[in-house]
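The values are calculated or read from the model by the stated rules, or taken from the named source; none is laboratory data. What you see is a predicted model; the values in this text were computed from it and never measured. For neighbour counting, all protein chains shown are included, and Cβ atoms are generated from backbone atoms with ideal geometry for every residue, glycine included.
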Amino acid sequence: MQTFDLGAEGLRALNSSLHALKGQTNMTAWEVINPKGAHAIAAGVDAPVDITVRGSTGYYCAGMNKQATIRIKGSAGPGVAENMMSGTVIIDGNASQYAGATGRGGLLVVKGNASSRCGVSMKGIDIVVHGSIGHMSAFMAQSGNLVVLGDAGDALGDSLYEARLFVRGSVKSLGADCIEKEMRPEHLALLADLLKRGEAEHLAKPEEFKRYGSARKLYNFNIDNASAY
């Protein structure tokens, strides 16, 4: 275990050390102490390592993550796991606005609540929120899965494309072009896997959720007319 005192050694030294871990490394376990809400902790990591941040973080923690498993033993500020490519980010507390924004892969787990615009413009990431999410979540979400065990705020899924949204609680309102859809057996199987990976299989059952997706009324591109473009 590599223990890094962020208060004493500073953010630049931490991220430089983590960025130096290219490919395979035997320095696979890291513990960051005294984060004190610092911004951009463990941003841009690209190595199969396990990082535990013991405390709450500021903006963009775990942004652009590849391969790493990053655990935040507290709450996270805006933009946690923004543009994540792969790996896993687990937050024990709450997440501020635009958690997982533009994420292209990997898994983000929020064990508390997530604020507004959770999963905005998501492009393949899987997000599991144990609590509730705020307004405009999954706005322009393109692909991936958003699972919410609690409630969703206003304008859920506004202008979304092909992302799948699963909400167990109430939805205050649906955004433009977002509709409730049939929950078929393949969606129940997908949701069961997401709940297990999101450490929530003991909290909810797939049958308790509703599925939401795009009505496909805002599309400008029609595959049947592809030759005309």
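Considering the conditions (1) closer than 23 Å to G153 by Cα; (2) at pLDDT below 95; (3) out of contact with any strand residue (DSSP E or B) (no Cβ under 8 Å at 6 or more places or on another chain), E207 is excluded by exactly one of them, (2). Among residues belonging to the range 55-85 that are within 11 Å of the chain's Cα centre (by Cα) and among the small types (G, A, S), point out the one that is surrounded by the most Cβ atoms within 10 Å (Cβ to Cβ). Per the criteria, the residue is A81. Step by step: first the residues of the range 142-158, then only those that are polar (S, T, N, Q) and without any contact (Cβ under 8 Å) to a residue 24 or more places away in the chain, then the one that is surrounded by the fewest Cβ atoms within 10 Å (Cβ to Cβ). Which residue is that? Among them, the one singled out is S143. If you go through the range 112-145 and pick out every residue that is under 17 Å from T88 (Cα atoms) and of a type in the set (K, R), you end up with 1. Restricted to the range 1-54, and to residues there that are β-branched (V, I, T) and not in a strand (DSSP E or B), the residue that is surrounded by the fewest Cβ atoms within 10 Å (Cβ to Cβ) is T25.
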